[in-house]
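Trainee: First, the structure itself, so that you have it in front of you.
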Amino acid sequence: MTQLSATLIRELRAIAGDSAVYHRPEDLLLFEYDGTIDRGLPGVVVYPSTTEHVSAIVRLARQHGVPLIPRGAGTGLSGGALATEGGILMPMMRMNRLLELDLENRIAVVEPGMVNLELSRLVARHDLFYAPDPSSQKACTIGGNVAENAGGPHCLALGVTANHVLGLELVLADGAIVRTGGWGIDRGGYDLTGVVVGSEGTLAVVTKVCVRLLRRPEAVRTFLAVYDSIEQATEAVAAVIGAGIVPGALEMLDRNTIRAVEPILKCGYPLDAEAVLLVEIDGLAEAVRESVARIGAVLRECGARDVRSADDPRERERLWSGRKQAFGAFGALQPNYYILDGVVPPGRLPEVLAGVYAICDRHQLQVANVFHAGDGNLHPCVLFDERTPGVTERVLAAGAEIMRLCVDAGGSISGEHGIGIEKRDYMSWIFTDDDMHAMLRLKDAFGAGNGMNPCKAFPTHAGCGEIQRGPATAKLGGEAWV
Amino acid sequence: MMTTADALAALAAHPELDLLSQAHVAGYIVDGIAPIAVVRPRSEAGVIAAVRQAAAAGVPVLPWGGGTSVNGGNRLASPCLVIDLAALDQVIEYQPRDRTITAGAGLRLAALAKLVEAEGQLLPLEPPLPERATIGGALASGLSGPRRHRYGSARDLLIGSTAVLADGTCVHSGGRVAKNVAGYDLNKLWVGSAGTLAVITQASFRLWPAPPVTELALLAFPTAKAAHRAAMEIAGSPLQPLSLDLAGPATLAATAVPPADVWWLCIENGGTPAMVERLRGELRAVASRCGAERTVAVRGQEAAGVRGMLRDFGYPAAPDALLLRVVTLPSRLAEAVLATAALQDAPLPALVARAGAGMLLARWSDIEPAAARRVIVRVRAAVAALGGSVAIAHAAAAVKDGLDTWGINGGDVAIMQQVKQVYDPAGLLSPGRAPGEHEH
C-alpha cells in the first residue's frame with residue numbers, strides 16, 4: 001500500500017496537533033468501515049477541533065490533490081463516510097460543543113460532532129428536544145445527520161433533518177468559511193442550507209449547525225397492535241392514515257424481527273405473531289386521551305388480535321426497545337446483516353412487502369423487516385453469514401432487486417440512509433442523466449471540485465470523473481480484505 | 001444567431017404552444033415593462049420548446065403563474081418572453097391514502113384545496129389570493145401564509161418537482177414519496193428563487209389531514225408589546241395552534257371584527273372538539289395574564305373573512321403601494337414593529353405579523369416614490385440593528401430602481417450568485433432579479 005507523503009502528515013500535525021493525527025496501519029484499520037458492508041482505508045485520519053483547523057485541512061487536501069472525507073460517528077448505512085479513494089479522513093467528533101442555546105426562540109447552535117441524543121439530553125430540562133431521531137441516535141452525530149438528511153421514527157409527524165436545520169457554517173473546498181441561511185430568521189434568498197443538507201459531504205464541510213428545537217409534547221401514548229398476518233398489519237397502516245390520524249410514529253416489525261428481539265429484550269411482543277405495529281400518539285392530553293378509543297378501534301377493525309397501550313415512560317420504553325435495538329438483536333440469528341432503505345407510497349406496502357419476501361426466498365436468504373410503515377420507508381434487513389461461500393453476492397443481488405421493486409412501485413432508493421457508494425449506481429433508475437448533471441452543477445457553484453468526499457452520492461461516471469489520484473493517494477483495494 | 005423574430009415565428013408554429021395576441025399582452029406588464037410576447041405552453045414539452053427557442057435567440061424569459069406576486073422582486077432588467085403556465089393545470093396523481101399529490105405548476109391553489117378537501121385533506125400552502133395564485137408561483141415566490149406556524153412553509157411541503165433550466169434541460173428532483181434523500185435536493189433551491197433559476201412545471205406535495213374542527217380566537221391587546229408577549233407564550237407552550245398572527249390597529253377593519261385601536265392576536269385552533277375547547281380555555285388564560293382587553297371566538301364565514309384577510313394581506317398590491325417583509329428572530333418582533341411603524345414623517349403602515357416565524361408584513365397603501373425609498377432605508381437600518389433583514393415584497397418600479405429587494409447580505413450571497421451562474425450563465429431567466437443581481 002502506498003503512503004501519503006510524510007510532508008502532508010507533518011503539516012496535518014502542525015494544524016491540529018500531534019494527538020489529532022493517525023496514520024499507522026493499525027490505527028487506520030479502525031476507520032476502514034462504517035455501518036455498511038463496504039470498506040475503504042484512509043491514508044491518514046485527522047481530528048479537527050476548530051473551524052480554523054477544518055479550513056486549513058481542507059486547503060491542505062486541495063494543495064496536495066488528495067480526497068477529503070468528512071466523517072461523523074461512522075454509523076452511516078450507505079458508505080458515505082468511507083475513504084474509498086484513500087486520502088484524508090476527517091472525523092468531526094472533537095467538535096462536539098453546544099455553542100448557543102436560545103430558549104426564547106427555541107434554537108440551538110451546535111458543532112457537527114455533537115451526538116444526536118446528547119443534544120436532546122442537554123435541553124431536556126427546558127422541556128425541549130431535537131426532533132430527528134435516527135435509530136443510531138445514541139451514537140450518530142448531528143453533522144452526519146446533516147450530511148445524510150437523516151430521518152427516524154418520529155419524522156412521520158415532525159419531518160426529517162432538513163426540516164429542522166435553520167442555518168449552517170460551512171468550510172468550502174478553498175478553505176473559505178461561510179454561513180448559510182438566516183439562523184432562525186427566515187430571510188429569503190436561495191436556500192443553500194436546504195441543498196447542503198443531504199449532500200453527503202460532497203459540497204462543503206459543515207462546521208456549525210443551527211437547529212430548531214421543539215417543545216416536548218404534553219402527553220404521549222404508545223400502542224402495540226398484534227397481527228396474525230402481514231397483510232392485516234399493512235392494511236392497518238393504511239387505515240390509520242386514512243382515518244386522518246398523523247401519529248408521532250407508526251412502525252412495523254415482522255415475525256423474524258419479533259423472534260429475534262423478544263427472547264433477548266422481553267418487549268412484550270407475542271412470539272407467534274406475524275407482525276406488530278407500534279403506534280405513538282403525542283400532543284395535547286385531550287388528543288392523546290381521545291386517541292385511545294379511536295386508534296384502538298381502527299387497529300382492531302383491521303384484525304388486530306390484541307391492542308395494548310402505555311403512557312408510563314418505562315412501559316413505553318419497553319414497547320419501543322424491540323424496535324430501537326432490533327439490529328443488534330439480529331446478531332442472535334446470523335452473524336451479518338445488510339440493512340436496506342427504500343421508500344414506497346404507503347398504499348403500496350402490502351404488495352411491496354410480499355415482493356421483498358419473495359425475492360429473499362428466491363435467493364434463499366432470511367429477511368427481517370422492521371421499518372417506518374407510516375411513511376412507506378422500508379428497511380428490509382437481510383441476515384446472512386459472510387463465511388458462506390457466495391452469500392455476499394446473493395445478498396447484494398437481492399438488495400438490488402428490492403430497490404428496483406421500490407422504484408417500480410413509484411418510490412425511491414433511499415428514505416434516510418443516503419446514496420453513498422452503496423446505491424450510486426441505482427441513481428439512474430430514478431433520475432435521468434440530465435437530472436444528475438443539473439444536480440452536479442452545484443459542485444461548481446460551491447467550488448467543491450471532486451476532492452470533497454469523492455465518488456459518493458452519484459454514479460461514478462458522473463461524480464468521479466476527474467478525481468485526482470496523485471501518488472500521494474493511499475488506496476487499499478478490495479482484494480486486501482476479501 | 002437566431003433573431004427574436006425567428007424565435008417568435010417558431011413559437012407561433014409550435015403545436016404545444018399558444019402565442020397570445022397583442023391584445024392580451026397588456027395583462028403581463030411587469031415593473032412597467034411590456035413583454036416581448038406571451039406564450040402559453042400546453043405541456044411540459046411546450047415549456048421546453050419555448051425556453052429553448054428563447055435561449056437560441058438570446059431572449060430573456062419571465063415565468064408566469066397567477067401574476068399575483070410577479071411584481072415583487074428586483075426591478076426586471078429587460079423585456080421578456082413571458083411563459084404563462086396557466087394551461088399546465090392538471091392533477092397528475094392524487095392518492096389520498098398516500099397523502100401526496102402531484103400536479104402541474106399552473107394549477108390554482110384554490111382548485112387544489114377543493115380537490116383534497118373532499119378527501120378530508122389539506123395542503124397548508126397558503127400564499128395570498130389562492131383563487132389566482134398557482135402552485136408554481138407559490139413555490140417560486142416562496143410566499144407562505146398563516147398556517148405555516150403549524151405546518152411549515154413551501155420547503156417543508158414540497159417533495160418533488162420538475163423544472164426547466166434556462167438552456168431547456170428538464171430536471172426532476174425528489175419524487176412522489178414523502179421521505180427521499182436521493183440526489184441533491186434541488187426542490188429546495190427552486191423554492192423562493194423568484195423564477196431566476198428554473199421554470200417549475202410540476203410539483204409533488206405531502207398533504208395533511210384537515211382538522212375536523214377549526215376556530216379562530218381573537219385577542220385584543222392595547223400595545224404591540226403585550227400582544228407579542230402573549231404570542232411568545234403561546235409559541236413556547238405545548239399548545240399547537242394552526243396559526244399565530246398579529247394584526248396592527250385598523251388592519252382588520254374591513255372584516256367582521258369591529259375596528260378598534262387595538263392589536264389583535266389571531267390564533268386559529270384546530271383539532272377535535274375537545275382539543276379546540278381546551279385551546280380556547282388556555283388562550284383565555286394567556287389573554288388575562290398578558291393584559292388582553294377582550295377575547296372573541298369566531299367561526300364559519302366570519303372566521304373565513306378574517307383568515308382570508310390575514311392570508312391575503314398586502315395583495316393584490318396596488319401600483320403605488322409599498323409592502324415590506326421584515327424578518328427577525330421571533331423574540332424581537334415587537335422591536336421590529338417599533339422599527340417599522342414608528343418612523344417620523346412617514347405615514348403609518350398597516351401591519352400583519354406571522355408571530356411564530358418572526359415575520360412582519362408592513363403595507364403603505366399609497367406612498368410617493370421618494371417617501372417610499374426613505375422608508376426602506378430607515379426600516380432597513382433599524383431592523384439591521386435587531387439582526388434582522390427587510391425584503392421589498394412589492395414597490396412601484398420607480399422605487400425599486402437600482403435597489404436590491406432581497407435585503408440579504410453575507411458571504412453566502414456570493415455562492416447564490418455562483419448558483420445563478422451555473423444554472424443560467426446567460427442571465428436569461430427573470431433578468432435582474434437574482435440575489436445580488438440588482439443594478440447599482
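Trainee: Rounded to the nearest 0.05, what FRET efficiency do A:D272 and B:A274 have when you use their Cβ-Cβ distance and R0 = 45 Å?
Mentor: FRET efficiency, A:D272 to B:A274: 0.75.
Trainee: Next question, about the same structure. So what J values fall out for the range A:282-293 if you push phi through Karplus, 6.51 cos²θ - 1.76 cosθ + 1.60 with θ = phi - 60°, rounded to Hz, Gly and Pro as x?
Mentor: Along the range A:282-293, the couplings run 9, x, 5, 3, 4, 5, 5, 4, 5, 5, 4, 6 Hz.
Trainee: Now for a different question. Restricting to the range B:4-84, compute how many DSSP beta bridges are antiparallel as a %, nearest 5.
Mentor: DSSP beta bridges in the range B:4-84 are roughly 35 percent antiparallel.
Trainee: Which entries of B:K114/B:K179; B:K179/B:K420; A:K443/B:K188 have Cα-Cα distances beyond 18 Å here?
Mentor: The pairs that break the limit, which is 18 Å between Cα atoms, are B:K114/B:K179; B:K179/B:K420.
Trainee: Within the range B:413-440, what residues put their amide N at less than 17 Å from the label point 7 Å along the Cα-to-Cβ vector of A:D444?
Mentor: Inside the label zone: B:415-429.
Trainee: Still on this model: If you plug each phi of the range A:205-217 into the Karplus form 6.51 cos²θ - 1.76 cosθ + 1.60 with θ = phi - 60°, what whole-Hz ³J(HN,Hα) values come out, in order, with x for Gly and Pro?
Mentor: 9, 7, 10, 8, 10, 9, 10, 8, 10, 10, 6, 5, x
Trainee: Sticking with this one: Run the simple label-point estimate for A:R94 and B:S237 please: 7 Å along Cα→C-beta, distance reported in nm.
Mentor: 4.8
Trainee: Next question, about the same structure. Per DSSP H run of at least 4 residues, take -39500 (n - 2.57); add these up for chain B, divide by its residues and hand me the 222 nm value, nearest 500 deg cm²/dmol.
Mentor: It lands at -9000 deg cm²/dmol.
Trainee: I'd like the accessible area for A:E351, computed on protein heavy atoms only with a 1.4 Å probe and all protein chains in place. Round to 10 Å², please.
Mentor: About 100 Å², rounded to the nearest 10.
Trainee: When a/c is below 1.5 the answer is rounded, else prolate if a/b is larger than b/c, else oblate, so apply that to the range A:334-424 with a ≥ b ≥ c taken from the square roots of the Cα gyration tensor eigenvalues.
Mentor: prolate
Trainee: In whole Hz, what ³J(HN,Hα) sequence does the range B:267-279 give by Karplus (6.51, -1.76, 1.60; θ = phi - 60°), x for Gly and Pro?
Mentor: Here the 3J(HN,Hα) series is 10, 9, 9, x, x, 6, x, 5, 5, 5, 5, 4, 4 Hz.
Trainee: Sticking with this one: Can you give the accessible area per residue of the protein assembly as shown, in Å², using a 1.4 Å probe?
Mentor: Per residue, the protein assembly as shown has an accessible area of 35 Å².
Trainee: Counting only other chains, what is the mean number of Cβ atoms within 10 angstrom of the Cβ of each residue in peptide B:407-413?
Mentor: Partner-chain Cβ atoms within 10 Å, mean over residues of B:407-413: 6.
Trainee: Before rounding to the nearest 500, sum -39500 (n - 2.57) across all DSSP H runs of length at least 4 in chain A and divide by the residue total; then give [θ] at 222 nm in deg cm²/dmol.
Mentor: -10000 deg cm²/dmol
Trainee: Continuing with this model, one more query. Given the protein chains as shown and a 1.4 Å probe, how many square angstrom of B:I36 are accessible, to the nearest 10?
Mentor: Roughly 60 Å² of B:I36 is accessible to a 1.4 Å probe.
Trainee: Next question. Give me the inter-chain shielding for B:96-106: mean count of other chain Cβ atoms within 10 Å, whole number please.
Mentor: So the per-residue partner count for this stretch is 3.
Trainee: Something else: Report the net charge of residues surrounding B:P96, where surrounding means a beta-carbon distance below 12 angstrom and charges are Lys +1, Arg +1, Asp -1, Glu -1.
Mentor: -2
Trainee: What nm value, rounded to one decimal, do you get for the distance between A:R308 and A:T460 when each label is placed 7 Å out toward the C-beta?
Mentor: Here the modelled spin labels are 5.0 nm apart.
Trainee: I would also like to ask the following. Need the C-alpha centroid separation for the range B:92-129 versus the range B:1-45, integer Å.
Mentor: 29
Trainee: Averaged over A:239-247, how many beta carbons belonging to a partner chain fall within 10 Å of each residue's beta carbon?
Mentor: 3
Trainee: Tell me, how many Å apart are the Cα centres for the range B:313-344 and for the range A:272-327?
Mentor: 46
Trainee: I want to check the label-to-label distance for B:A381 and A:D127. Put each point 7 Å from Cα in the C-beta direction and report it in nm to one decimal.
Mentor: 4.2
Trainee: Just the number, please: buried accessible area between A and B, total of both chains, 1.4 angstrom probe, nearest 100 square angstrom.
Mentor: What A and B bury together is about 6100 Å².
Trainee: For A:A249, what residues show an amide H to amide H distance below 5 Å, using hydrogens built from the backbone and excluding near sequence neighbours?
Mentor: A:E280
Trainee: From the protein chains alone at 1.4 Å, what is the descending order of accessible area for A:H379, A:H23, largest first?
Mentor: Highest to lowest solvent-accessible surface, that is A:H23, A:H379.
Trainee: Sort out for me the Cα centre separation of the range B:171-187 from the range A:344-390, rounded to whole Å.
Mentor: Centre-to-centre (Cα) distance: 23 Å.
Trainee: As a test, work out the antiparallel percent of DSSP beta bridges whose residues both lie in chain A, rounded to the nearest 5.
Mentor: 90
Trainee: Extension gain A:I264-A:D433, at 0.36 nm per residue separation less the Cα-Cα distance, in nm?
Mentor: 56.1 nm
Trainee: May I ask you to list the trypsin sites (Lys or Arg not before Pro) in the range A:40-107 that are in a DSSP loop and have at most 15 other Cβ atoms within 10 Å of their Cβ?
Mentor: Loop-located and lightly packed - A:R97.
Trainee: How much solvent-accessible surface does A:D444 expose, in Å² to the nearest 10, with a 1.4 Å probe and all protein chains in place?
Mentor: 100
Trainee: Amide H to amide H under 5 Å from A:Q366: which residues, 5+ apart in sequence or cross-chain, H placed 1.01 Å off N in plane?
Mentor: Sorted by chain and number, the residues that satisfy this are A:L383.
Trainee: Could you calculate the contour length gain from B:A318 to B:D6, that is, 0.36 nm times the residue separation minus the distance between their Cα atoms, to one decimal place in nm?
Mentor: That pair, B:A318 and B:D6, stretches by 108.7 nm at full extension.
Trainee: If you don't mind, another one. Determine, from the Cβ-Cβ distance of B:Y94 and A:A6 and an R0 of 60 Å, the FRET efficiency 1/(1 + (r/R0)^6), rounded to the nearest 0.05.
Mentor: 0.45
Trainee: Okay, next question. Efficiency by 1/(1 + (r/R0)^6): what FRET value for A:R294 and A:D385, r their Cβ-Cβ distance, R0 = 60 Å, to the nearest 0.05?
Mentor: 0.85
The values are calculated or read from the model by the stated rules, or taken from the named source; none is laboratory data. Remember, it's a predicted structure, so these values are computed and weren't measured experimentally. Glycine gets a Cβ as well: all are built from the backbone with ideal geometry, and neighbour counts include every protein chain shown. Each accessible area value is taken on the protein alone, full model and side chains, heavy atoms only, with ligands, DNA and RNA left out. Shrake-Rupley method; radii C 1.70, N 1.55, O 1.52, S 1.80 Å.
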